[in-house]
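To start, the structure itself, in structure tokens.
The values are calculated or read from the model by the stated rules, or taken from the named source; none is laboratory data. Here the structure is a predicted model, which means the values were calculated and not measured. With ideal geometry, Cβ positions are generated from the backbone for all residues, glycine too; neighbour counts draw on all protein chains shown. In case anyone asks, the SASA skips ligands and DNA or RNA and just uses the protein heavy atoms, side chains included. Shrake-Rupley method; radii C 1.70, N 1.55, O 1.52, S 1.80 Å.
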Amino acid sequence: MIRVLLVEDTGLMQGALAALLAREEDIEVLVESEGNGSVLARALSYRPDVAVIDVDCREREELALGGELSAQLPECRMLLVTGSSTRECLWRVLAQHTPGLIGKDAPADRLVDGIRKVARGQRYIDRISPCGPSTRRRAR
């Protein structure tokens, strides 16, 4: 069983991600939505295998949380979920040696795949464009 700490501060996304992950037989979801101090305390209490953390790469506080979590609970792997796909974001995440990164626009099955790979100790960097926001045209 993969124990996943879900760190998401918006209720709708938190519920959707928790419901998605709860469908998987090999994943147990531990939901967290409070401040960083609470996240660290809960992580130390729950001892998750993977922490899925929603980050905005412009917010250094969110990236710092990942570093603190790694320092205090090295056996917990991180999979960061970001809506920012700039080169700067990608380099910040890679500089922290974060094992996992996935974009918010990725299909749900990639999140599950990423969690499983990161839990096995593998690196999972999803196909995030390092050139800024998506340039795909939307159908009208």
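Some points to look at:
- Pairs with Cβ under 6 Å, 6+ apart, first in the range 82-104 and in contact (Cβ under 8 Å) with a residue 24 or more places away in the chain, second basic (Lys, Arg): Gly83/Lys104; Pro99/Arg77; Pro99/Arg123
To keep it simple, each residue is scored yes or no on (1) closer than 18 Å to Gln14 by Cα; (2) at pLDDT 85 or above; (3) surrounded by fewer than 17 Cβ atoms within 10 Å (Cβ to Cβ).
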{"site": "Ala43", "(1), (2), (3)": "yes, yes, no"}
{"site": "Leu79", "(1), (2), (3)": "yes, yes, no"}
{"site": "Gly83", "(1), (2), (3)": "yes, no, yes"}
{"site": "His97", "(1), (2), (3)": "no, no, yes"}
{"site": "Ile102", "(1), (2), (3)": "yes, yes, no"}
{"site": "Ala119", "(1), (2), (3)": "no, yes, no"}
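- Residues that are modelled with pLDDT of 75 or more and not in a loop (DSSP other than H, G, I, E, B), drawn from the range 56-77: Gly67, Glu68, Leu69, Ser70, Ala71, Gln72, Arg77
- The condition (being open to solvent by less than 60 Å² (accessible area, probe 1.4 Å), modelled with pLDDT of 90 or more, within 18 Å of Arg127 (Cα to Cα) and in contact with a strand residue (DSSP E or B) (Cβ under 7 Å, 6 or more places away or on another chain)) is satisfied by just one residue among Ile27, Ile2, Ile115, Ile53: Ile115.
- Applying a threshold of 7 Å to beta carbon distances and a minimum spacing of six or more residues, or different chains, the list of pairs starting in the range 10-31 at a residue that is in contact (Cβ under 8 Å) with a residue 60 or more places away in the chain and ending at one that is loosely packed, with under 15 Cβ neighbours inside 10 Å reads Leu20/Ala108; Asp26/Met1.
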